[in-house]
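Let me begin by presenting the structure, written as structure tokens, before commenting on it.
Where a number appears in this text, it was derived from the coordinates with a stated rule and is not lab data. All values reported here derive from a predicted model rather than from experimental measurement. Positions of Cβ are generated from backbone atoms using ideal geometry, with glycine treated the same way; all protein chains shown enter the neighbour counts.
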Amino acid sequence: MEPVIPDLRDVSRADAYAQLLDMQRLLLDDSTDAIAGMATLSALLHHAFGHLWTGFYRVVTPGALLRVGPYQGSLGCQEILFGRGVCGTAAAEQRTVVVPDVHAFPGHIACDARSKSEIVVPVFDATGALMAVLDIDSPVHDAFGDADVDGLERLVAWFARTT
Ligand code: SME
């Protein structure tokens, strides 16, 4: 049996991410498989926090095109151009983007009308190249803060072992 994903909605974000880092270590310490890492991290984050959409867009053409990867939630769009929407902005600028109100973000791509806020974190491989972005959508306004940036950037640091 695999461990049950805890409900961390009522836990402080710092404690919640510490627990998720422990679970990621337990589940993925012996792995260097990027797809396994993306699928496992999507499931952990999505169910621990009850997000709307949690998953990865992979770099398929460096500097140009992202394509959907492992995710949890409602259907995501298939492809996103670098520079478009929140994901494309985070990819083009290789930095974490926090959007408290998606309706106020110019060019936001609405895959699910219930989405109110969003965070997108760049993911780098062993060579330091951008390999994907982690995208999380919330049905709650202003759902993501500094503790999320810190926790998510620590979690995606796992991908520095993949090529
Ligand atoms: N909202 C994202 C698109 C991806 S979906 O939300 C899953 C964006 O603006 O990049």
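Brief remarks follow.
- Search result, residues across region 19-30 that are exposed (fewer than 14 other Cβ atoms within 10 Å of the Cβ) and either polar (S, T, N, Q) or in contact with a helix residue (DSSP H, G or I) (Cβ under 9 Å, 6 or more places away or on another chain) (or both): 25
- Evaluating residue 125 against the criteria (1) farther than 22 Å from residue 47 by Cβ; (2) surrounded by fewer than 18 Cβ atoms within 10 Å (Cβ to Cβ); (3) near the ligand (Cβ under 8 Å from one of its atoms) leaves one unmet condition, (3).
- Of the candidates 129, 143, the single residue that is farther than 22 Å from residue 19 by Cα, of a type in the set (Gly, Ala, Ser) and touching a strand residue (DSSP E or B) at 6+ places or on another chain (Cβ under 9 Å) is 129.
- Scanning region 65-77 for residues that are among the hydrophobic types (A, V, I, L, M, F, W, C), surrounded by 13 or more Cβ atoms within 10 Å (Cβ to Cβ) and without any contact (Cβ under 8 Å) to a residue 40 or more places away in the chain, we see that the one that is nearest to the ligand (Cβ to nearest atom) is 77.
- Residue in region 98-117 that is of a type in the set (Val, Ile, Thr), more than 9 Å from the ligand (Cβ to nearest atom) and more than 16 Å from residue 157 (Cα to Cα) present: yes
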